[in-house]
Amino acid sequence: MRPILRLAAFALALSTPLAPVAAEPWTIDRDHAYVSFRASHLGFSDVLGLFREFEADIDFDPEAVEATSVAFRIAADSVETFHDRRDDHLRSEDFLDAANHPEIVFVSREVRLTSADTAEVVGDLTIRGVTHEETFAVTLNRIGPSPFDRELTIAGFRIEGEIDRRRYGSTFGAPAIGALVPIVMEFEASPARGGDG
C-alpha cells in the first residue's frame, strides 16, 4: 500500500468501528533508535540522559493502529548522562536501584488514535518494582519503503511523555532535582522478517 493510503487508514480508524485485527510483529532498527530523558538540576539547568540498552516487542498493523501492542524493556544500569559519578548515583538506591530492579518495563494496554498520524498509548510502567499506569503521546513521523530496499517498509515513531519519579519511590533531592522527568523515544521499525523480531 502506498504511504498516503497508510496515513489515510489512521484517519479512517477514527470514525469507523474496526473488527478485531491481528497485528503482526515489527522489529526496531537499533541503529536508529534512542530512549532519552531530561531532569532539572536545581532549576539552573537540565541534565540530559539516555539508556544504552533496551529491547522492544511490537505488534503493529498500519491499517488498524488501535490493534497495536508494545512492550519495552530497558536495562536500568545502562543509564548514561556522560558523567561517571552521577551515573553511578543514578544506578543506586536513591534513584533507579538497578542492582535490585534491573529492568524498567512498559507494557501497553490500549492505543487511542488522536489524529491521522498521532495516538496515545496507555500502559503499565514498572520502575524499581513499582507499577503505575502512564500515557504517552506517539507521533508517526513517516511510513514508506526504504530508499535502499524498496521491498522493506519503514515506520518512524516519536514517543513523548512525563513521569513523576516520586510515584516509583525515587524521592532523593526532589523537587530540587527534577521530580517530573520528560521522556522522549524515537525509533524506526520494519515488519519482522522470517525469524527476526
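Each residue in region 153-179 was checked for being in contact (Cβ under 8 Å) with a residue 24 or more places away in the chain, more than 30 Å from Ala192 (Cβ to Cβ) and assigned to a strand (DSSP E or B), and 1 of them qualify. Taking the listed residues Ser69, Ser15, Ser78, the one that is modelled with pLDDT of 95 or more, of a type outside the set (A, V, I, L, M, F, W, C) and farther than 26 Å from Ala174 by Cα is Ser69, with no other qualifying. If the condition is being over 21 Å from Tyr34 (Cα atoms) and without any contact (Cβ under 8 Å) to a residue 40 or more places away in the chain, then region 75-96 contributes Arg85, His89, Ser92, Glu93. Out of Arg52, Arg30, which single residue is in contact with a helix residue (DSSP H, G or I) (Cβ under 9 Å, 6 or more places away or on another chain) and among the basic types (Lys, Arg)? One residue alone meets the criteria, Arg52.
Taken residue by residue, region 166-188 has at least one member that is among the basic types (Lys, Arg) and at pLDDT 95 or above. Looking at the structure I just gave you, is His132 surrounded by fewer than 17 Cβ atoms within 10 Å (Cβ to Cβ) and touching a helix residue (DSSP H, G or I) at 6+ places or on another chain (Cβ under 8 Å)? For His132, the condition - surrounded by fewer than 17 Cβ atoms within 10 Å (Cβ to Cβ) and touching a helix residue (DSSP H, G or I) at 6+ places or on another chain (Cβ under 8 Å) - is met. Can you name every residue in region 93-113 that is aliphatic (A, V, I, L, M) and either surrounded by 15 or more Cβ atoms within 10 Å (Cβ to Cβ) or touching a Pro at 6+ places or on another chain (Cβ under 8 Å) (or both)? Leu96, Ala98, Ile104, Val105, Val107, Val111, Leu113 - these are the residues of region 93-113 that are aliphatic (A, V, I, L, M) and either surrounded by 15 or more Cβ atoms within 10 Å (Cβ to Cβ) or touching a Pro at 6+ places or on another chain (Cβ under 8 Å) (or both). Set side by side, the residues Arg142, Arg150 differ, and just one is in contact (Cβ under 8 Å) with a residue 60 or more places away in the chain and surrounded by fewer than 16 Cβ atoms within 10 Å (Cβ to Cβ), which is Arg142. Total residues in region 184-196 satisfying the condition of being hydrophobic (A, V, I, L, M, F, W, C) and buried (at least 18 other Cβ atoms within 10 Å of the Cβ): the figure is 3.
The sole residue among Val65, Val107, Val70 that is under 27 Å from Thr153 (Cα atoms) and free of Cβ contacts under 8 Å to residues at least 40 places away in the same chain is Val107. Would you confirm whether or not region 117-127 contains a residue that is farther than 20 Å from Glu188 by Cα, in contact with a helix residue (DSSP H, G or I) (Cβ under 8 Å, 6 or more places away or on another chain) and exposed (fewer than 13 other Cβ atoms within 10 Å of the Cβ)? Among the residues of region 117-127, not one is farther than 20 Å from Glu188 by Cα, in contact with a helix residue (DSSP H, G or I) (Cβ under 8 Å, 6 or more places away or on another chain) and exposed (fewer than 13 other Cβ atoms within 10 Å of the Cβ), which makes the answer no.
The values are calculated or read from the model by the stated rules, or taken from the named source; none is laboratory data. Because the structure is predicted, anything quoted here is derived from the model rather than measured. We place every Cβ from the backbone using ideal geometry, glycine too, and count neighbours over all the protein chains shown.
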